[in-house]
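The values are calculated or read from the model by the stated rules, or taken from the named source; none is laboratory data. Bear in mind that the values here come from a model prediction, so they are computed numbers and not experimental data. Cβ atoms come from the backbone with ideal geometry, glycine included; neighbour counts cover every protein chain shown. Areas reflect the complete protein model, heavy atoms only, side chains present, ligands, DNA and RNA absent. Shrake-Rupley method; radii C 1.70, N 1.55, O 1.52, S 1.80 Å.
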Amino acid sequence: MARRHDPSDDEFREEVESHVALETDRLLAEGVSPEEAAMAARRKFGNVTRVRENFYESRRVMWFEDLRHDTRFAVRSLQRSPAFTAVALLTLAIGLGANTAIFSVVNAVLLRPLPYNAPDQLVLLEHPPLGGSPAWLRDAWHARSRTLTEFAGIEPSAPATLVAGIQPMPVNAAHATANFFALLGIKASLGRIFAETDTQPGAPAVAVLSHSFWIRQFDASADTIGKSITLTDVTLTGEPRVIIGVLPADFRFPVADPPGEAPIFARMQPDVIVLSRDDAFQQVIGRLAPGTTAAKASTELSGIFAQEASARFSARFVERTRVIAMPLQDRLVGNARYRLLLLMGAVGCVLLVVCANIASLLLARITGRGPEFAVRAALGARTGRLVRMILTENVLLAIFGGAVALFLAYWSNDVLRSLLAGRVSYVETVALDWRVLAFNLAVAAAMGVVCGLASLATIWSTRHAGSTTAAGRSITRRPRLGLTLVAGEVAVVFVLVLMAALLSQTLWNLRHTRRGFDASGLLTAGVMPGASGTIPELQNLTVTFFGTIVDRIAREPNVESVAAASTVPFSGPAMGMSGVSVVGRQAPDKTPPVSVAAVTPGYFATMRIRLIGGRDFNRGDVPSRDRVAIVNEAFLRVIASALTPGTEIQFGRSRLTVIGIVENTPDTSLRRPARPFVYLPMAQTIGSQFAFGRLMILVRARSGDPAALIPTLRNTVWSLGHDIVIDDVSTMDERVGAAVRTERDSALLFGVLGAIALVVAVAGVYGVVAYSVSQRTREIGIRTAIGATHRQVVAGIVRESVWPVAIGIGIGAATAVVVVRAIAGLLFEIRPTDPPTYVGTAVALTLTALAAAWIPARRAAGVDPVTALRAE
């Protein structure tokens, strides 16, 4: 290939001066004075600045021409090695695809601004332990706050029953103030949003639909506006509501991450939004005034709260209550930031393994092209020119891999959305936008450059080889750089495989922890009558209502047993009571709160909770009889260790006789120890301080899938009234699965990433050993010729190959001791430094590496020594 000469700036100046000097000498020879000769020579040469610009322009054209030639050469070179290109592209696509997919989630959840007007000015006001903001506090903030310019109230999504026509259906309803949409800058895609006139006395009740619900239920008909629906939930009494608008398709209700005590099946996005009542407790969203901060708003609003609350609450309560104004995006992200960054770090480790593996493949490929580089060097190619040619080829390969990775990321987006749905806000907006494309391109280009740097030493040695013959000889030195890359790969893989092993054991421990009930064949559903009246009237109606439902469902042929309860495992926190004591014993100075549940007779039999002592509830436990209770084992452990059936316990002014003791069952999580529980017969809650407006129905099927009983359950309940709310319908197996969903998904994701990294690392070990063996053909032939056996040759090659693996395992184990602490909060009944897991991971990696090294070693040992020496 012809070599172009690219003159430097110094050479350009020297050439200009030489032209001027020659012309000056010619004029001097003609008798012109030196001063006039110099000036005339300058004039004849012309404008030096213009000549310099033309020179630089020619250099730019030359550079683009070189780049075009390098690109065409790189494409031809990759086409000549289809096996290498296919393996490299597949490896790059896997590593880049995983990173691109996870970054698309990080971009949607953490980086992309919220789809509201000036989202950086929005804050969410919270003031634990006060759940929501009452009307008097909101009015005070409106009147006196200077740090916030606007306020809007919302009530999170809750289950409701909607009747559009005749057939009722479960929906999710949220409440908002009239200025809620205006504060966020949201306009209706059809109809209109709420207006202040909708809150005037006598104004008709109105509702706004989500875009997805409008399509799903009303077939995206424009005639939906003006239709009436009947909506019932815990606060709505079935009043007809006029549909006034449909929200945009990209609107997302600002739902924060549900707290750890929330029901597992809590819905995040509402189907219908209605106006909040003025007296409701609300979450408040505010907009910061120009020049202020969330910290200043927190201080001001806390002061206003302290002044207004001093006449309503105790001084101690007011003192420990602080208003926190948190940026809305930070609050919506919640704990998802930690989980997503942890996952991004894991896929980043996979990318490191891919980089090391690609670098090893490129090193072997470039070393094998030594004669080609020697010829180019002999023809005058500079080292920089060779480096640019190789880097162009590597970057082009990486960009091709990035293009394939985009398809993998697009395909995996649906999987990621399903895995994170219900736990990460705005995960449904994950898409491949310009940020994701830029990230993919930048990482691909960086990988191409970094991997290509491994070839610099080879090109330098080729440049100084001295002859093409030296470049073509067998090289018997060990590929030290390749072995170093292998050690690095193994270290990273050790960390990933170890984390996957720890998370898998956590999942196993949770699945096999003692639950105290039998989940198989059990169907559960939340039911709420939606009636109004005094508390005793509601309690009496609740007992009668659920008694009727239990009796009707029990008559169905495939139903083994039915019961109702105010709470079941994983349905949310139970009602708590403090100050529980045993009658006749001195109460301890401090006792933890006790969870209370109301159940119908047959609950423990339906759940198959073991009765340890005493008796179960029966239909004789009515209000006219002595009040009774059943406690669990945790109650004995925490409250009264020597309690037996017949002992009396006291709740404030109420006395209950303990008639039975049952096994512990989980409340909201399998991770936490069982809480002290007191179970009450539902019939005896009438007239007491316990009021349960919503109960869970439990149906145990005789055979088959309990989900088949869902239509029967709904028809039976709705036969008593179309305004009855049915929600949270699921089998108990689904509840148990949802309780370990985070651990299952974490184990799955880290397991997949660990498996990918392991496969890539094994390919790297195999490639390095195979390349080393191919370069040592002459040496192996000589050893075999002088008497080395097949086994000795194989053992020697494998032994040399295991050293970098052992070093990598040692580095990985030391690194893992620090890195694994990042997932310590996800582990259950296993330590981050569990020795058997470390040893098992090391043994598994060693055996895998031995197998990868043994295959090329066995093939090399079978080569005939005469053939090997003749080829050399």
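Here the 3J(HN,Hα) profile of segment 483-494, calculated from phi with Karplus coefficients 6.51, -1.76 and 1.60 at θ = phi - 60°, is 5, 5, 5, 4, 4, x, 4, 4, 4, 5, 5, 4 Hz, Gly and Pro shown as x. Sequence-ordered 3J(HN,Hα) estimates for segment 206-211 from the Karplus curve with 6.51, -1.76 and 1.60 and θ = phi - 60° stand at 10, 8, 10, 9, 6, 5 Hz, glycine and proline given as x. Within segment 74-201, what whole-number % of the accessible surface is contributed by carbon and sulfur, with the 1.4 Å probe and all protein chains included in the calculation? Taking all protein chains in place, segment 74-201 shows 60 percent carbon and sulfur surface.
The residues packed around Arg655, meaning those with a beta-carbon under 13 Å from its beta-carbon, carry a net charge of 0 if Lys and Arg are +1 and Asp and Glu are -1. Heavy atoms of the protein only, probe of 1.4 Å, neighbouring chains included. What is the accessible area of Arg337 in Å², nearest 10? Approximately 90 Å² for this residue.
Count Lys and Arg as plus one, Asp and Glu as minus one, and take only other residues whose Cβ is under 14 Å from that of Phe750; the net charge is then 0. Each residue of segment 87-96 was assigned a 3J(HN,Hα) from its phi angle through the Karplus expression (A = 6.51, B = -1.76, C = 1.60, θ = phi - 60°), giving 5, 5, 5, 5, 5, 4, 4, 5, x, 5 Hz with x at Gly and Pro.
In terms of accessible area, using a 1.4 Å probe and ignoring ligands and nucleic acids, Glu300, Glu196, Glu663 rank largest first as Glu196, Glu300, Glu663.
Net charge in the neighbourhood of Leu148 (other residues with Cβ under 11 Å of its Cβ; Lys, Arg +1, Asp, Glu -1) is +2. Per residue, the convex hull around the alpha carbon atoms of segment 593-736 comes to 140 Å³.
The share of Cα pairs per 5 Å bin across segment 736-842, counted from zero up to the longest distance, runs 2, 9, 13, 18, 14, 11, 9, 8, 6, 5, 3, 2, 1, 0 percent.
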